[in-house]
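Working notes, structure below.
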Amino acid sequence: MRTLRRTLTLPAARAALAVLAVVAVLAVFGGLIAPQDPLAQDTTRVLQGPSGAHLLGTDYLGRDVLSRLLAGTGRSVLGAVESVGAAMVLGVVPGLASLWLGRAFEWAALRVVDALMTLPFTLFAIAAVGVFGNGLNQAMLALGVLLAPLFFRVSRAAAVGLRQAQYVEAAELMGASRGRILRTHIAAKVLPTIAVTTAHALATALLTVASLTFLGVGVQPPAPTWGGMLAADLGYLAQQPWAPVLPGVLIMITVGALNLLADAIRDSGAAGAPTRATGRRPWRRTREAAGTAAVPQPRERRSDEAVAA
Amino acid sequence: MNRALNPGSAPALLGRRKLLGLGLGAGAAMALAACGGSSTAAPGGHSAGAGVLKWGWALPTSWDPVFSSAGWDVHALSLVYAGLTKLDPHGAAVPALASGWTYDSAGTRVTFTLRPNLTFSDGTALDAAAVKKSLDRGRTDPKSLVAPQLTSVKAISAPAANTVVIDLTHPDYQIPNLLAGKTGMIVNPAEFGANAASLAARPAGAGPFTLTSYTQNEKAVLRRNPGYWDAASVKLGGFELYPLPDASTVVAALQSGQYNVAQIPGSQVAAAQAAGLEVQVIPSMVVATLDVDSARAPFTDPRVVQALKFAIDREALLKTEAFGHGEVTYQPFPKGYAGYDPGSDGLFAYDPAKAKALLAQAGHAGGLDITLTTSAAAGVPEQIQAQLKQVGINAKIEVIPQAQFTQIIYIQHSRQVAVDQFAGRDSAVQAFQVLFGQQGLMNPGRATPPELTAALDKVTRTPLDSPDYPTVLQAATATAVRTMPNVFLYTVPRILARAKGVSPLPETTVVQRFEGVTVA
């Protein structure tokens with residue numbers, strides 16, 4: 001809660017959260033507040049410019065662009081949330097467990113994570129769709145598997161120092177169970193770091209969802225998605241050169257807000273800031289571990305993604 | 001760390017700003033350089049090589065005509081291969097490697113006379129023995145994809161160096177037309193004897209051009225073949241063939257000189273003209289279709305097939321997909337072709353009420369679920385889905401990769417309905433075989449009604465120059481469109497945009513040819 005309060009004092013964080021709140025509302029209620037049926041075609045009014053009837057014009061089948069953008073928000077955003085949720089479950093739990101379940105598990109988990117980190121997001125998601133069928137869930141769960149190493153590394157790096165902290169050792173000596181130590185002494189300290197990672201990962205996942213739907217992967221036509229609309233609009237640049245800007249700007253603003261939020265959480269000192277409980281030394285160790293193992297990963301993967309897309 | 005609270009973070013912030021500034025500066029410099037480059041480039045890119053035609057079109061599935069798996073490949077293969085015959089602009093067979101041919105009175109033997117001193121592009125002699133070996137390979141190779149077209153051929157012989165005799169199992173007057181396409185392309189026996197597999201990437205023919213380099217999915221470079229039998233008509237020094245350009249960039253690519261001729265979609269015609277490019281809309285044999293599997297429920301009931309045909313508003317499809325370039329059709333042949341049946345005009349004109357009634361008769365008044373398979377969901381499939389919904393058919397769109405389309409749709413025949421295009425064929429009977437034959441690629445139901453087989457047999461036995469031929473062929477067309485499940489939607493003209501320095505392209509309906517074309 002302290003982290004949250006600190007974060008909210010930053011203007012950038014407030015702006016990012018405001019944008020994300022709007023996106024969240026659109027993701028949940030976008031289909032309901034769409035002025036028209038996003039799938040309703042009117043071939044007598046194709047590729048029209050903005051008008052009273054269609055505030056953002058119509059697409060190549062005469063469908064209302066505003067309604068499609070609103071209705072497409074949920075599918076685009078929830079895909080990213082799904083993949084990051086899967087990544088958290090698959091990454092954080094083994095990440096923390098690797099510190100407590102013995103060397104054999106630690107060694108095996110690290111090797112699996114190393115192996116997963118070599119795989120490119122988009123290609124892996126396309127392959128998963130090829131094997132399991134063309135659906136966003138399949139693609140997103142595959143993406144979640146690839147994002148999991150990020151959470152594994154970050155949570156492990158944040159916790160590795162805490163494990164040696166005197167108050168944790170004291171709790172162990174007093175007979176606290178492993179689960180209790182994880183819940184009360186470790187989780188609270190690791191969560192802020194995971195929050196930063198989550199925001200970054202959501203941004204990465206959103207871009208990957210947009211890339212996949214741009215390629216027509218993972219979406220059941222004619223359901224609208226931001227990436228799908230961007231791809232379709234590119235075929236009609238001669239008629240509507242401004243059309244791809246609309247989904248493009250939505251993607252850009254949402255990803256920008258997520259990155260801004262991640263920066264703000266980090267700047268608020270959340271990602272392992274020294275606290276009275278942890279003391280100075282554990283923090284230093286955490287920074288070192290995170291700096292070598294965790295922090296460079298999202299940046300590196302994002303640049304890979306741009307090449308693949 | 002909190003940068004806002006920690007003065008130590010200031011240099012990092014400054015560094016980021018510097019980096020941003022540098023990035024913006026570099027981006028601006030690159031943009032300026034790009035603008036400068038485009039403004040100084042010669043329009044159409046002629047400076048890159050005079051007399052070289054750069055065609056944004058499609059690369060073939062294989063450079064070996066016997067194993068090419070797409071009808072569309074005929075355009076690319078015609079650049080490097082020649083046949084005994086070729087087609088004139090209207091689709092009639094005219095002499096090519098053969099200077100002429102004669103049928104015997106029974107129509108079961110056709111004798112081709114070769115032109116003198118023919119050679120393959122590598123200089124090897126192209127004589128009757130080579131023609132026999134090449135045609136026999138297409139006929140007898142166990143994996144040949146043209147063999148089904150040659151089932152009426154009983155034997156091929158070469159009694160003299162310039163004479164090829166083809167004996168037939170029954171009268172078949174389609175042979176000269178058939179041999180004008182992939183089926184009759186003559187492959188150098190010296191190549192397929194030793195290393196047949198290499199033909200997929202290194203064609204060995206006697207066409208107007210010779211392939212000099214080929215990068216799969218990227219580019220094919222060809223140079224003029226001075227030994228081509230009609231080399232005097234080939235004015236181009238070289239040829240570059242590229243995959244189908246992207247709709248969003250094709251006009252810019254033509255302006256920049258990446259291509260000087262390119263296939264463009266109907267949506268880009270106005271933009272191309274506005275950019276100062278010449279646009280030719282060439283009537284072709286290509287027809288947009290739905291391949292319907294009549295062996296799979298619910299299409300085992302002909303009333304459901306009929307309902308499907310009546311439920312589709314072809315005018316709307318033509319308008320949105322092709323921007324009006326083309327014509328609504330209910331049959332496989334375009335207007336003006338001998339097989340075009342005027343009696344089938346408007347046969348399945350859009351009538352949703354009738355479609356609903358037919359579905360109700362078939363016991364589907366409460367609705368019907370089908371799967372519409374396509375390789376690209378946007379456009380026609382989405383529109384057809386919406387139109388079918390109006391009559392109570394819930395179509396789920398299944399997208400399969402383009403690379404698997406041939407395997408899944410044409411070979412496995414494992415889908416109910418596929419959104420497809422028929423590329424046309426050199427011979428009318430060949431077109432019937434592909435669309436409606438029991439082994440036809442586009443007849444997934446594998447059934448042909450006896451009346452159609454009889455009508456087709458009559459076509460085969462009628463000489464092409466007989467006054468009865470159009471009547472007989474049109475009767476077969478009428479039977480086919482009424483008895484077969486294929487749904488014909490609209491004709492797809494070949495829309496080619498070209499840079500100013502390229503002379504007009506020959507308007508040939510079946511295969512795009514380049515005789516007489518010049519590039520300034």
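The values are calculated or read from the model by the stated rules, or taken from the named source; none is laboratory data. The model shown is predicted, which means the values in this text are computed figures rather than measured ones. As a convention, Cβ positions derive from the backbone with ideal geometry for all residues, glycine included, and neighbour counts pool all protein chains shown. These accessible areas exclude ligands, DNA and RNA; they are computed on the full protein's heavy atoms, side chains included. Shrake-Rupley method; radii C 1.70, N 1.55, O 1.52, S 1.80 Å.
Is any helix in chain A, taking whole DSSP H runs, at least 30 angstrom long along its axis by alpha carbon and on average at least 0.0 on the Kyte-Doolittle scale, and which ones? The qualifying helices are A:11-33, A:65-100, A:136-163, A:187-214, A:245-267. Of the solvent-accessible surface of the range B:180-315, computed with a 1.4 Å probe over protein heavy atoms with every protein chain present, carbon and sulfur atoms account for 49 percent. Per residue, the range A:164-232 exposes 40 Å² of accessible surface when a 1.4 Å probe is rolled over the protein heavy atoms with every protein chain present.
In chain B, the calculated helix contribution to ellipticity at 222 nm averages -9000 deg cm²/dmol per residue, counting -39,500 (n - 2.57) for every DSSP H run with n ≥ 4. Here residue B:154 sits with roughly 130 square angstrom of accessible surface, probe radius 1.4 Å. Charged neighbours of residue B:233, selected by a Cβ distance under 13 Å, balance to +2 (K, R count +1; D, E count -1).
What is the antiparallel percent of DSSP beta bridges lying wholly in chain B, to the nearest 5?
75
Put simply, chains B and A cover up around 2000 Å² of each other's accessible surface, both sides summed, when a 1.4 Å probe is used. Its DSSP H runs of at least 4 residues, each contributing -39,500 (n - 2.57), put the calculated 222 nm mean residue ellipticity of chain A at -23000 deg cm²/dmol, to the nearest 500.
Between the range B:185-207 and the range B:479-520, what is the separation of their alpha carbon centroids in Å? Comparing the Cα centres of the range B:185-207 and the range B:479-520, I get a distance of 27 Å. Distance from the Cα centroid of the range B:103-120 to that of the range B:267-319 is 39 Å (rounded to whole angstrom).
A 23 angstrom limit on the alpha carbon distance is what I want to check against. Which of B:86/B:500; B:86/B:335; B:309/B:389 exceed it?
In this structure, B:86/B:500 exceed 23 Å between Cα atoms.
Measuring r between the beta carbons of residue B:141 and residue B:345 and using R0 = 41 Å, the FRET efficiency lands at 0.45.
Here residue B:384 sits with roughly 0 square angstrom of accessible surface, probe radius 1.4 Å.
Heavy atoms of the protein chains alone define the surface here; on that basis the range B:287-491 has 38 Å² accessible area per residue at 1.4 Å probe size.
Please grab the % of Cα pairs in the protein assembly as shown that end up more than 49 Å from each other.
On the way: 113788 of 343206 pairs.
More than 49 Å apart: 33 percent of the Cα pairs in the protein assembly as shown.
Counting charges near residue B:435 (Lys, Arg +1; Asp, Glu -1) among other residues having Cβ under 10 Å from its Cβ returns a value of 0.
Residues of the range A:15-53 losing 50 Å² or more of accessible area relative to the isolated chain, 1.4 Å probe, heavy atoms only? Listed by number, the residues meeting the 50 Å² cut-off are A:41, A:43.
Within the listed set A:232, A:262, A:108, the Gaussian network model of chain A (springs between alpha-carbon atoms below 10 Å) gives the highest mean-square fluctuation for A:108. Put B:111, B:471 in order of accessible area, highest first, and with a 1.4 Å probe you get B:471, B:111.
Element breakdown for the range A:1-78 at a 1.4 angstrom probe: carbon and sulfur atoms account for 68% of the accessible area.
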